[in-house]
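Here, each number is a calculation from the coordinates, and none is a lab measurement. Note that the structure is a prediction, hence the values are computed from the model and not measured. Quick reminder, even Gly has a Cβ in these numbers, built from the backbone with ideal geometry, and neighbours come from all protein chains shown.
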Amino acid sequence: MSTNDPWEAAQEAQELPSTYFGEVKLDTWFCVLEKGIGKVPFDAETHRPRQRRTAIDISLTPLPSRGLDFITERHLIAESRQWAGVVLPSIKSLGISAKELSGKWAQYEMVRTGRTWTDDKGETHNETIPKFLKVYQSLDQAESAAAALFGGSEPEPAPGNGNGHDPQRDVAAKFLAPLWEQA
């Protein structure tokens, strides 16, 4: 519902979601949470089995077309509410596993967990984690989806050798015909 009254619009405003597109990298490893230290690698010879947790390192790299040069990282424990209650269900809703998501391009929102932290300057910040919305099989698909959502034109296809031909594609095409006949 649209209004021409800025006071009414301000009164009904809601925070916009922080939607992003980027490459997802996930890494997992077994750890133990040691007081005063944090996560340390799990060692079956020195730690009790019930101490073992699963560490998950998430790395999100923005699309090249966005002109952003930062990587968002989150370090979670699989047995936590953040992973088991938000991130993992969002991955499962895409019909894939966390392992399958790693290395893919995705659309995601950074959602608040309800936890806050204070930085060195004394400023309070809200903790956020990714909630995955869509997954794409290629960078081109993700770029097209981002262009459609944010406006603007779709990215230009990457040039081959400057004359409109991609030499790698030409070589692959030579091998494709015999393989097709054999099949």
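General remarks:
- Entries of K35/K121; K92/K121; K39/K131; K99/K121; K39/K104 with Cα pairs more than 30 Å apart: K92/K121; K99/K121
- Spin-label model distance (nm) - S138 vs K121, 7 Å beyond Cα toward Cβ: 4.3
- Region 1-103: GluC sites (Glu not before Pro) falling in loop per DSSP and having at most 15 other Cβ within 10 Å: E15, E45, E79
- Cα gyration tensor category, rounded, prolate or oblate, for region 16-89 with a/c compared to 1.5: prolate
- In order along region 126-131, the Karplus-derived 3J(HN,Hα) couplings, from 6.51 cos²θ - 1.76 cosθ + 1.60 at θ = phi - 60°, round to 8, 6, 10, 9, x, 10 Hz, and Gly and Pro are given as x.
- Remark on K104: its backbone amide H falls under 5 Å from those of V24, a criterion applied only to residues 5 or more positions apart or on other chains, H modelled at 1.01 Å from N.
- The trypsin sites (Lys or Arg not before Pro) of region 10-51 that meet both conditions, a loop assignment by DSSP and at most 14 other Cβ atoms within 10 Å of the site Cβ, are K35.
- Between region 111-140 and region 29-70, the C-alpha centres lie 16 angstrom from each other.
- Cα shape, region 49-156, gyration tensor, a/c 1.5 rule: oblate
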